[in-house]
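Visitor: Please read through the structure below; I'll follow up with questions.
Every read-out reported here was derived from the displayed coordinates using simple, explicitly stated rules and does not represent laboratory data. Everything numeric here is computed off the predicted structure, so don't read it as measured data.
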Amino acid sequence: MKALTLLLALLGTPMLCLAEVPEHTEVCVAADKDDIAALFNRWNAAVKTGDPHQVVANYAEKSVLLATVSAKPRLTPNEKAAYFQEFMRNQPEGRIDSRTIELDCNLAIDEGQYTFLFKTNGATIKARYSFIYRWNGKQWLIISHHSSKVPSEHAPLEDLPHTIAQHSEVCVAADEQSIIALFDRWKESIESRNAHKVMANYAARSVLLPLSSTTPRLTLDDNEDYYRHFLKDRPLVHVHSRTIEIDCNTAIDEGLYAFNFQRTGTIVNARYSIVYKWDGMQWLITSDHSSILP
């Protein structure tokens, strides 16, 4: 398969077409919405111990933390432990306010809004979150955690229960360059200033936690309404750094980027987490979380 991929690449075959070639068959572990919701409870219980190493045990060794009150992406266990060491000094306790859970083959996304109460000073922080979990053959671990502040509480997200059964799934081939090409396609649609063209990048069932709105967007109509206003300032997009993770029919692209708004001359540095899913014909965005750099 690698030889075929290389040969097609040398012949000039577009990388996105390679996704149509079956790569392997993967056995998918059974899970349901309650199983995934319990993973946050496990993480929250670790936070309440005050031991950063217990918290870090919830994360895969290869994982990304875009934390609520830190501008620095945390990529290693030591970097995550250092962040949580500071974060837990005020004895935080988390509570889920609203959530959407999406299940795929050995992958799960839990995203929505949560609140942290800090016992030492009585302060509260309301934030948006995206947890992405992967089954490693023994347990579910966090491979991506993006948390960002919001100024106010909103209506609960639509609850979308799902269940995966034990089955085999054919996984399409993809590599980092093909996933970068998906971002570039989104970027070009943003810079076209055509909101309808931007929507072509999103799956019909997707979640947008946008840069400049506190309202989660759960439908394509909501997404398009957001972008119609966002694009009026003529944004240009530039990626500063990224991490790409590819799984069976799912890919995660996350990192730091900047928007240069041509109409106002404003530059906004931000963090992003984008999840793509293969729908049988093409890769589409099912989760997009963007937040201003703390």
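Visitor: My understanding is that a pair violates if its Cα-Cα distance is over 29 Å; which of LYS33/LYS62; LYS72/LYS119; LYS62/LYS197; LYS33/LYS197 do that in this structure? Write out the running numbers ahead of the final one.
Guide: Details: LYS33/LYS62 24 Å; LYS72/LYS119 25 Å; LYS62/LYS197 34 Å; LYS33/LYS197 33 Å.
Checking Cα-Cα distances, LYS62/LYS197; LYS33/LYS197 exceed 29 Å.
Visitor: Using 0.36 nm per residue of separation minus the Cα-Cα distance, give me the extension gain between LYS149 and THR214 in nm, one decimal.
Guide: On the way: separation 65, 0.36 × 65 = 23.40 nm, distance 0.92 nm.
Stretched out fully, the LYS149 to THR214 stretch lengthens by 22.5 nm.
Visitor: Using 0.36 nm per residue, how much length does the chain from ALA181 to THR49 gain when fully extended, once their Cα-Cα distance is taken away? Let's see the in-between values first.
Guide: Numbers: separation 132, 0.36 × 132 = 47.52 nm, distance 4.23 nm.
So the extension gain works out to 43.3 nm.
Visitor: How big is the Rg/Rh ratio for region 28-168, C-alpha atoms only, Rh by Kirkwood, two decimals? Don't skip to the answer; put the middle values down first.
Guide: On the way: Rg = 14.9 Å, Rh = 15.5 Å.
Answer for region 28-168: 0.96.
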